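Below is one structure; the comments refer to it alone.
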Amino acid sequence: MTLPAPHDKANTVRAMFARIALRYDLMNHLMTFGCDRSWQREVVRRAAPPPGGRLLDIGCGTGGIAKEAWGRDPSLEITAADFTLAMLQRGCNGAWRQRLRWCGADALSLPFADDTFDAVTSGYLIRNVTDIHQALAEQCRVAKPGARIVCLDTAPPGRHPLKPLIDFHMHRVIPLVGGVVSGDPLAYRYLPQSTRAFKTPEELADAMRTAGLVAVAYQRRMFNTVTIIYGRVPVSDVEDAARG
C-alpha cells in the first residue's frame, strides 16, 4: 500500500477508520498483546486533570482514553472528539452516551475557546494528521496555562536487537490478522507503513517544544514501537524564558 498524498490524507484516513470502527478495539488489543489498556491508563495518569476539571481527548476513536479517565475520576467533565463519525457512534453506546461529551471535531481546527481544558490527551492521532504543528498548536490553544498535553502514538522502532522480529510482526502478522479480524487488510498495511514514516520520539518532542510546551519528555513501550510523550503549557514568564 502506498501512503496517501498529503492533500488526500484526511479523507483517506477518515474513510479507513470508518471501515474498521466495528473491530477497532479488538484489533488494538490483539496487536498490542493486551497492553493498550495499560498505556491508556498511563496517558490519563500523565495528564493528571484536577478533580472536577475538564479533559479533552482529541482523536478519541471509540473513546478508550476518555473512558479510562472517567473510570479514574467520574467528577471530570470529559469531551471525546473525533472527525470519524463511525468511531464516535461505536464509542458512545449505552451509558457512555451520557457519561462523556461526544463531539465531531477536526484536530486542525478545534471548535473550542482558548484556555478551556485542564488537560488534553490523544491516542494514535498525531501520526494521522496532515499538519503535526497545527494539531499541536490547536491543543496548546485550547489548554489552560499549566495544563498537560499527552500523546500516545506509534513510533519507528529504530535500532533494536529484535528488529527483524519487530518488522515481521508489523509488516506480516498485523496485516494478516487485521485482514481476518476487520476484513480490511489495507488498513492494517497502512499502520506499519505510516509508523515507519512517522517522526521519531525525539523529533516529536521537538515539535511539542516548538508548539510552546515545556517540561517535554517521553517514554517508549513495546520494543520502542510505541511512545507516550507529554509536556505542559507554560504558566509564567520564567518558564517561557527557560523554554527559549
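Any read-out appearing in this document is the output of simple, stated calculations on the displayed coordinates, not a laboratory observation. Just so we're clear, the structure is a prediction, and the values are computed from it rather than from any experiment. For neighbour counting, all protein chains shown are included, and Cβ atoms are generated from backbone atoms with ideal geometry for every residue, glycine included.
Quick notes on this structure:
- Translational diffusion coefficient of the range 1-135 (Stokes-Einstein, Kirkwood radius from Cα pairs, 4 °C, 1.567 mPa s): 85 µm²/s.
- Gain on full extension, evaluated as 0.36 nm per residue between residue 45 and residue 171 minus their Cα-Cα distance, stands at 42.2 nm.
- Placing a label point 7 Å from the Cα of residue 101 along the Cα-to-Cβ direction, the residues of the range 26-54 with a backbone N closer than 13 Å are 53-54.
- Per-residue 3J(HN,Hα) values for the range 94-105, derived from phi via the Karplus relation 6.51 cos²θ - 1.76 cosθ + 1.60 with θ = phi - 60°, read x, 5, 5, 4, 8, 6, 10, 9, 9, 8, x, 7 Hz in sequence order (x marks Gly and Pro).
- With a cut-off of 10 Å between beta carbons, the residues surrounding residue 105 carry a summed charge of -3, where Lys and Arg count +1 and Asp and Glu -1.
- Our estimate of slack between residue 221 and residue 38, defined as 0.36 nm per intervening residue step minus the Cα-Cα distance, is 64.8 nm.
- Protection proxy ranking, highest mean first, for peptides 66-76, 49-59: 49-59, 66-76, where packing is the per-residue count of other beta-carbon atoms within 10 Å, averaged.
- Estimated at 0.36 nm per residue, the fully extended path between residue 89 and residue 235 surpasses their Cα-Cα distance by 48.9 nm.
- Estimated distance in nm for a label pair at residue 3 and residue 202, the labels positioned 7 Å out from Cα along Cα-to-Cβ: 1.9
- Long-range lysine pairs (8 or more apart or interchain), the chain, Cα under 28 Å: 6
- For the chain, the longest principal axis of the alpha carbon atoms and the long axis of helix 187-197 meet at an angle near 60°.
- Nearest 10 degrees, 0 to 90: helix 36-47 Cα axis against the chain principal axis: 20
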